[in-house]
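The values are calculated or read from the model by the stated rules, or taken from the named source; none is laboratory data. Note that the structure is a prediction, hence the values are computed from the model and not measured. Please note: Cβ atoms are built from the backbone with ideal geometry, for glycine as well, and neighbour counts cover all protein chains shown. Protein only, heavy atoms only, side chains kept; ligands, DNA and RNA dropped before computing areas. Shrake-Rupley method; radii C 1.70, N 1.55, O 1.52, S 1.80 Å.
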Amino acid sequence: MPLMKRLLAIATLIVACTVCAQAQDYRYEVGPALGMSGYLGDVNNSNMWKHPGAAGGVVFRYIRNSRWAFKANLLYAGISGNSNDMATKLPDGAYYEFKSSLFDVGAQAEFNFFNFGIGPKYKNQKRITPYMVAGAGLVIGTAGGGSVAFSLPLGIGVKYKIKERLNVGFEFTMRKSFGDKLDGLSDLYGVKHTFAKNTEWYSMALFTLTWEFSKRCTKCHYVE
């Protein structure tokens, strides 16, 4: 019996190591993001893509499991607007035009609709999945002497696993700014804006290319 127990333990160890080697799960992924940005606010109240800007940066994910991931980002976005494009006019018919650079630092949670990954059939993983994303961040703008505000990103995306450790994705987010000076203007028409009530949103449509690293299972240990 002791011999049988030892043989069974060795067989279990071999199977565990084999599964571990085949799954090749990783904890983290990092890579660049590139796309375009849009803006809605005091100088554009209808079409956020009226004056699209360039957007890009870097993203870092902690892969909790095949359904959940937590992402940090450092992004740049260019926004601009022109009061002549609006149906409504500024007070006294004033003309205003602006360009601004936004720097976005944030963290989000992502929920995959499918088990994302490449692995054994019993895990029922998919190489492609849509996902939802939500989080919080900080946005710094350069227009009108500069501004800093909290932001709330909400969006959707899709990921595709090109191969075991390489992923490509596309994500669209709308980001609510809890401030009113990204375009350099504030409190137009005599209406006082508050922390939670203002007119400014910015959006990003980004393609990402990420590389996974730090194996989740590198050694198999036998515990009696």
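For the stretch 98-183, the list of chymotrypsin sites (Phe, Trp or Tyr not before Pro) that fall in a loop by DSSP and count at most 14 other C-beta atoms within 10 angstrom reads PHE113.
Hey, what's the stretch 98-139 come to in accessible area per residue, 1.4 Å probe, Å²?
Accessible surface, normalised per residue, equals 51 Å².
Using a cut-off of 12 Å between beta-carbons, work out the net charge of the residues near TYR131 (Lys and Arg +1, Asp and Glu -1, TYR131 not included). Net of charged neighbours comes to +3. Taking the accessible area of the stretch 74-170, probe 1.4 Å, and keeping the other protein chains in place, the carbon and sulfur fraction comes to 65%. For PHE98, the amide hydrogen comes within under 5 Å of the amide hydrogens of GLY81, counting only partners 5 or more places away or on other chains and with H modelled in the peptide plane.
Pick out, in residue order, every one of the trypsin sites (Lys or Arg not before Pro) in the stretch 102-131 that is DSSP loop and has at most 14 other C-beta atoms within 10 Å; say none if there are none.
Within the stretch 102-131, the qualifying trypsin sites (Lys or Arg not before Pro) (loop, at most 14 other Cβ atoms within 10 Å) are ARG127.
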